[in-house]
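Data first, discussion second: the structure below is written as structure tokens.
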């Protein structure tokens with residue numbers, strides 16, 4: 001293996017937001033938004049400096065000696081409650097990592113799973129989560145090849161946490177990543193936003209009604225596979241907008257690539273029940289987590305073909321074009337509102353929904 | 001990648017111990033001993049069934065298309081307290097995974113790290129842990145190529161947990177693993193046992209004195225590299241006796257390979273301060289965790305050469321031959337005591353020292 005010098009990186013990146021400086025970890029440091037980025041920039045990146053990590057994508061890409069490239073990604077899952085409409089921590093742990101590996105243009109093949117169990121967790125609960133992981137792994141076609149189980153005393157965890165690392169083989173000749181977005185590229189979203197976050201909030205009983213809120217948690221590797229079969233290296237960026245939502249993912253991409261991304265509010269699908277729940281709680285769906293959606297940035301001349309391929313997939317039927325990449329304003333995301341005005345969409349600053357994934 | 005059909009497996013394995021059956025997770029399920037094995041056998045393996053996982057080693061080995069093989073391993077680290085004489089959770093997180101990958105005959109190259117942080121953790125503590133990880137990663141020559149950070153509410157974790165997954169390239173032509181032990185092989189231990197476990201207990205203030213107890217936590221990849229350079233495929237098994245200690249690791253190997261392992265009490269190095277602390281608390285050093293030691297099972301004709309190579313390494317100066325592999329009693333470990341009697345050494349059954357790694 002050798003490092004990949006061709007990877008884009010975060011050099012010169014600086015966070016334009018006023019951040020809450022503190023001497024202690026607060027929930028916002030886990031939001032996936034501005035505070036998480038600040039934490040990474042200030043403490044993790046300087047210590048673990050290497051070109052793969054600095055690329056700032058959801059997965060690292062390794063060059064093997066024979067020209068094969070591997071995509072490797074890690075996620076810790078601390079979602080509360082463990083079970084929610086449409087999924088549970090087990091399905092989430094498989095899909096979250098499968099999707100991060102896929103988003104680097106790879107076919108995920110192997111997963112490791114580490115379990116931190118709280119003393120007193122029922123074996124029944126553990127079994128249900130394992131069964132759900134098994135189903136999700138089968139759907140995604142991945143094998144869990146190594147595992148670890150630790151138990152902590154009652155009160156030192158919240159039932160269970162699962163961390164998963166995925167390994168996949170990157171398609172030959174493909175280079176995708178946040179820095180690869182180019183002016184003129186089209187922005188595709190594979191379906192409606194906010195479903196996962198609002199389903200989990202609903203499961204917490206914070207809405208006062210149950211409604212039809214269902215998480216979208218799903219493995220997207222077959223969709224990615226189909227897309228790349230269809231348009232190959234016309235795909236420049238793929239990212240699953242989880243914590244921090246669509247707004248945060250687009251901001252990351254705009255910064256990594258030094259481009260401006262303009263999206264159209266009317267084009268972004270939000271289910272009425274999600275919209276209603278968001279209004280009730282004062283949330284903007286642009287910032288609510290998704291677990292079965294991808295933002296795909298693709299060369300303009302292949303956008304129609306890409307959309308067609310995505311729509312043929314189980315989890316891409318409602319895919320739409322939501323905007324485009326421009327030269328400027330560099331590192332920023334603009335939203336054309338339904339009223340034809342324009343506003344800046346910033347990265348999620350603090351924490352909106354802790355333990356959403 | 002393809003699965004590796006040549007891997008040994010746990011088929012037909014059955015746990016000979018009476019296990020505490022319960023409807024809830026107890027600390028013993030995280031001991032690394034009999035109850036952990038039972039949990040894995042009953043719930044994880046049937047669900048995630050595949051030959052790599054079933055091999056029952058500390059790391060999975062993947063066959064790549066070009067004949068290159070990768071070793072992949074995962075560990076969750078929940079040690080308490082975070083800092084102890086000789087190390088901390090950060091050094092442990094790097095070394096634990098480096099050693100598991102190395103034990104499959106691989107050169108570890110890449111790590112992923114997932115952090116679960118408790119709200120209220122001081123940034124100062126986080127920085128110290130990150131700095132320690134950086135030093136250990138540099139010593140081992142590994143890069144952290146992907147990370148994830150989650151924050152949970154105060155009281156839902158104990159300061160911080162770290163899970164690490166490692167990826168390394170297995171040396172060409174090498175097949176090591178618990179099932180590869182053969183009658184006649186010699187058993188080498190790279191140094192004294194019990195240092196890590198007793199250092200952590202000491203840091204908890206449970207001994208009432210501080211003494212000179214220092215954890216042995218160290219990356220063993222250079223030692224493994226040197227050993228394989230010296231004796232190549234004469235190395236049949238390598239395992240780091242962490243949770244559950246030397247006794248548990250040897251029992252795992254005896255079961256995986258269907259051999260009997262006989263070790264000599266007088267040959268097993270235990271530091272006087274460790275022995276004293278164990279006696280004070282009623283512990284048997286054979287079951288106390290190590291984080292910088294390897295059990296190495298090697299073809300008899302290469303044992304001297306192996307010992308010489310190991311002793312030339314920083315972390316192998318006190319390596320000794322402690323026993324040998326026999327035809328029988330199959331799946332068991334026998335200890336020749338200092339008084340020339342023999343007794344069965346079983347796997348750790350319950351939990352002795354929770355959160356030791």
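The values are calculated or read from the model by the stated rules, or taken from the named source; none is laboratory data. Computed from a prediction, not measured in an experiment: that's the story for all the values here. Please note: Cβ atoms are built from the backbone with ideal geometry, for glycine as well, and neighbour counts cover all protein chains shown.
Side notes on the structure shown:
- Meets criteria (at the interface with chain B (Cβ under 7 Å from one of its Cβ atoms), modelled with pLDDT of 90 or more and surrounded by fewer than 20 Cβ atoms within 10 Å (Cβ to Cβ)) for residue A:43: yes
- Meets criteria (under 30 Å from residue A:353 (Cα atoms), outside any helix (DSSP H, G or I) and outside the structural domain of residue B:294 (by TED's automatic domain parsing)) for residue B:117: yes
- Whichever residue in segment B:335-357 is surrounded by fewer than 17 Cβ atoms within 10 Å (Cβ to Cβ) and assigned to a strand (DSSP E or B) and, among such residues, is nearest to the other protein chains (Cβ to nearest Cβ): B:344
- Looking across segment A:133-161, the residues that are assigned to a loop (DSSP other than H, G, I, E, B), more than 9 Å from chain B (Cβ to nearest Cβ) and over 23 Å from residue B:164 (Cβ atoms) come down to A:141, A:154.
- Residue within segment A:205-222 that is assigned to a loop (DSSP other than H, G, I, E, B), more than 17 Å from the chain's Cα centre (by Cα) and more than 24 Å from residue A:85 (Cα to Cα) present: no
- Taken over segment A:102-121, the residue count meeting the criterion of being facing chain B (nearest Cβ under 7 Å), surrounded by fewer than 24 Cβ atoms within 10 Å (Cβ to Cβ) and under 29 Å from residue A:237 (Cβ atoms) is 1.
- Single residue of A:159, A:182 found to be out of contact with any helix residue (DSSP H, G or I) (no Cβ under 6 Å at 6 or more places or on another chain), closer than 30 Å to residue B:82 by Cα and surrounded by fewer than 24 Cβ atoms within 10 Å (Cβ to Cβ): A:159
- Hey, residue B:176 within 29 Å of residue B:145 (Cα to Cα) and not in a helix (DSSP H, G or I) or not: yes
- Of all residues in segment B:77-107, those that are outside any loop (DSSP other than H, G, I, E, B) and in contact with a helix residue (DSSP H, G or I) (Cβ under 9 Å, 6 or more places away or on another chain) total 18.
- Filter result for residue B:51 (surrounded by fewer than 21 Cβ atoms within 10 Å (Cβ to Cβ) and under 28 Å from residue B:352 (Cβ atoms)): no
- Segment B:57-93: number of residues that are at pLDDT 95 or above and more than 13 Å from the chain's Cα centre (by Cα): 14
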